[in-house]
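Everything on this sheet refers to the single structure shown next.
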Amino acid sequence: MKRAITTSEDGSKTLLLEDYNESYHSRFGALSESRHIFAGEGLSRYLGDNPNTEELSIFEAGLGTGLNCLLTALEIEKFKSVKRVKYLAVEKYPITPEEASMLDYPSLFGNSKLAGYIYETIHSSNWGCNTPLSEKMELLKICSSFEQYFPAIPHESINIIYYDAFSPETQPELWQEEIFISLFRALKPGGVLVTYSSKGIVKRALRAVGFEVKRVAGPKGKKHILRASKA
Ligand SMILES: C[S@@+](CC[C@H](N)C(=O)[O-])C[C@H]1O[C@@H](n2cnc3c(N)ncnc32)[C@H](O)[C@@H]1O
């Protein structure tokens with residue numbers, strides 16, 4: 001698949017799948033989207049609702065550029081109660097070291113030493129190995145397809161899911177009940193799944209497998225996103 005680097009409206013870079021005209025992030029802002037949906041409605045809101053959380057397990061469907069992982073590793077430092085974070089991410093089409101370098105995400109965080117180290121480690125770490133990214137957080141990245149890997153996630157092991165597949169128009173097969181059943185099972189009771197798509201078919205599929213689904217305000221360019229919880 002041919003990928004090109006583009007710059008989104010907030011100045012942060014992203015990747016574009018040229019044949020599908022499908023962007024890895026919102027064209028209105030890669031960083032703004034990641035902050036609002038995944039670090040915001042996912043991580044921060046979950047920890048706001050569960051303030052005594054000490055151990056957290058996050059699963060990202062689609063590691064891609066590593067922006068959500070980097071942002072999470074930096075944001076988690078603000079939550080003193082959290083002592084340990086396991087970040088599990090699946091990706092079938094890893095980006096190249098050249099693409100990671102051109103995206104230059106540490107520059108979004110003032111080129112801090114910590115951001116540089118975390119970003120470098122996200123992309124250079126071995127697939128299938130637990131790798132520390134910071135004192136609190138470790139990454140396990142798996143090179144596999146969602147379809148194969150989701151059923152293998154241990155049941156009730158995850159607190160927060162970042163569901164970041166390509167859009168339902170490009171990958172309709174990844175927004176079906178069969179996919180969400182595995183993710184529902186993987187979540188602990190009280191866990192949440194956040195995603196950028198608020199399409200009717202996505203809401204219906206999530207509800208059909210047992211999620212309680214809420215539409216919440218989206219980032220610029222997106223009226224709503226979805227926050228789905230497991231009671
Ligand atoms: C919308 S992009 C988001 C990527 C990432 N969250 C980021 O912030 O860069 C979707 C990601 O899912 C990956 N992907 C698409 N289909 C997949 C599949 N069937 N199995 C595993 N990964 C897949 C793509 O390669 C891409 O990295």
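One residue is enough: does segment 205-215 have a residue meeting the conditions open to solvent by 30 Å² or more (accessible area, probe 1.4 Å), in contact (Cβ under 8 Å) with a residue 60 or more places away in the chain and either among the basic types (K, R) or assigned to a loop (DSSP other than H, G, I, E, B) (or both)? No: segment 205-215 contains no residue that is open to solvent by 30 Å² or more (accessible area, probe 1.4 Å), in contact (Cβ under 8 Å) with a residue 60 or more places away in the chain and either among the basic types (K, R) or assigned to a loop (DSSP other than H, G, I, E, B) (or both). The residues of segment 1-28 that are closer than 21 Å to P168 by Cβ and of a type outside the set (S, T, Y), listed by number, are M1, R3, L15, L16, L17, E18, D19, N21, E22, H25, R27, F28. The residue of segment 71-115 that is farthest from F38 (Cα to Cα), among those that are within 13 Å of the ligand (Cβ to nearest atom) and charged (D, E, K, R), is E99.
Exactly one residue out of S167, S197 is of a type in the set (S, T, Y), in a loop (DSSP other than H, G, I, E, B) and free of Cβ contacts under 8 Å to residues at least 40 places away in the same chain: that is S197. Filtered by the rule that a residue be open to solvent by 20 Å² or more (accessible area, probe 1.4 Å), touching a strand residue (DSSP E or B) at 6+ places or on another chain (Cβ under 8 Å) and either of a type in the set (A, V, I, L, M, F, W, C) or assigned to a loop (DSSP other than H, G, I, E, B) (or both), segment 54-75 gives a lone residue, E54. With respect to the conditions (1) within 11 Å of the ligand (Cβ to nearest atom); (2) farther than 20 Å from Y24 by Cα; (3) open to solvent by 60 Å² or more (accessible area, probe 1.4 Å); (4) in contact with a strand residue (DSSP E or B) (Cβ under 7 Å, 6 or more places away or on another chain), C143 falls short on a single one, namely (2). L16 meets each of the listed conditions (1) open to solvent by 20 Å² or more (accessible area, probe 1.4 Å); (2) outside any loop (DSSP other than H, G, I, E, B); (3) within 11 Å of the ligand (Cβ to nearest atom); (4) touching a helix residue (DSSP H, G or I) at 6+ places or on another chain (Cβ under 6 Å) apart from (4).
For G48, the test of being within 19 Å of L140 (Cβ to Cβ) and modelled with pLDDT of 95 or more is failed.
The values are calculated or read from the model by the stated rules, or taken from the named source; none is laboratory data. Every value quoted in this text rests on a predicted model; they were computed, and no experiment measured them. Ideal geometry is used to build each Cβ from the backbone, glycine not excepted, and the neighbour counts take in all protein chains shown. To get the accessible areas, we keep the full protein, side chains included, count just its heavy atoms, and leave off ligands, DNA and RNA. Shrake-Rupley method; radii C 1.70, N 1.55, O 1.52, S 1.80 Å.
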